[in-house]
Amino acid sequence: MRLKGDDIKQRHWDAFYRFYLDTVERKWGQNYLTREFFDMLGQRMRDDVMLVMAEEEGGRLIAGALNLIGEDTIYGRNWGCIKDVKFLHFEVCYYQAIEEAINSKVARVEAGAQGQHKIQRGYLPTKTYSNHYITNKSFEVAIKDFLKTENEEIADTIAYLEECSPFKTVGDGP
């Protein structure tokens with residue numbers, strides 16, 4: 001189920017936080033978002049948030065994905081589950097966001113970082129931009145040097161992965 005605005009209730013945020021924590025534990029990540037963060041997100045960005053939730057028979061919520069809605073883009077950001085169901089990740093994270101974008105006439109869905117598996121789900125790699133302020137000048141020099149090499153690697157990887165695209169380009173085929 002796709003939930004937005006006032007349709008997102010406290011129980012949905014409670015469940016999503018449990019899903020988020022499960023993902024953090026599975027991926028050896030850092031629990032940097034608090035339960036209070038999700039309350040504030042729901043209060044302050046009510047109209048710009050979409051939760052996609054999966055429930056099993058009986059109504060128990062078992063998985064969810066957090067999406068932020070921009071002017072022309074749906075941004076998939078976090079996912080989690082408390083029960084493993086084959087292909088549920090793809091439905092909750094990708095297919096529901098795509099369907100919402102089509103229904104709402106949103107230009108694109110940005111599925112987040114990582115994952116060559118996303119190509120077969122209809123997502124091509126996109127180079128993103130970020131800003132970071134580094135206070136240690138020696139560290140800043142090392143990072144800049146690394147980024148030069150990484151940018152070349154990323155460009156090569158994107159070019160290769162675009163060759164694997166499931167989409168036709170203008171002029172392809174009969």
query = Using the beta-carbon distance between Glu56 and Val170 and R0 = 45 Å, what value does 1/(1 + (r/R0)^6) give for FRET efficiency, to the nearest 0.05?
reply = 0.55
task = May I ask you to evaluate 6.51 cos²θ - 1.76 cosθ + 1.60, the Karplus curve with θ = phi - 60°, for each residue of the range 129-143 and list the ³J(HN,Hα) values in order in whole Hz, giving x for glycine and proline?
result = 10, 9, 10, 9, 9, 9, 7, 8, 4, 5, 5, 4, 4, 5, 5
request  = Write down the accessible area per residue of the chain in Å², having rolled a 1.4 Å probe over the full set of protein chains.
outcome  = 69 Å²
inquiry  = Going by amide H atoms built from the backbone, whose H comes under 5 Å of the H on Asn78, apart from near neighbours?
reply    = Leu66
request  = Describe numerically, in nm with one decimal, the distance between label points set 7 Å from Cα along Cα→Cβ at Phe90 and at Glu36.
outcome  = 4.1 nm
ask   = Shape of the chain from its Cα gyration tensor (a ≥ b ≥ c, root eigenvalues): rounded if a/c is under 1.5, otherwise prolate when a/b > b/c, or oblate?
value = oblate
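Within the range 13-96, which trypsin sites (Lys or Arg not before Pro) sit in a loop by DSSP and count at most 14 neighbouring Cβ atoms inside 10 Å? Present the calculation step by step, with values, prior to reporting the outcome.
Numbers: sites: Arg18, Arg26, Lys27, Arg35, Arg44, Arg46, Arg60, Arg77, Lys83, Lys86; in loops: Lys27, Arg60, Lys83, Lys86.
Answer by residue number: Lys27, Arg60, Lys83, Lys86.
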key: the range 94-106 - phi-based ³J(HN,Hα) in whole Hz, Karplus 6.51/-1.76/1.60, Gly and Pro as x   = 10, 5, 5, 5, 4, 4, 5, 4, 5, 5, 8, 6, 8
request  = Quick one: pull the percent of accessible area on the range 37-174 belonging to carbon and sulfur, 1.4 Å probe, ligands and nucleic acids left out.
outcome  = 52 percent
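The values are calculated or read from the model by the stated rules, or taken from the named source; none is laboratory data. Fair warning: this is a prediction, and the values are worked out from it, not measured in the lab. All Cβ positions, even for glycine, are placed from backbone atoms using ideal geometry, and neighbour counts span all protein chains on display. Please note that ligands, DNA and RNA were not included when accessible areas were found on the heavy atoms of the full protein model with its side chains. Shrake-Rupley method; radii C 1.70, N 1.55, O 1.52, S 1.80 Å.
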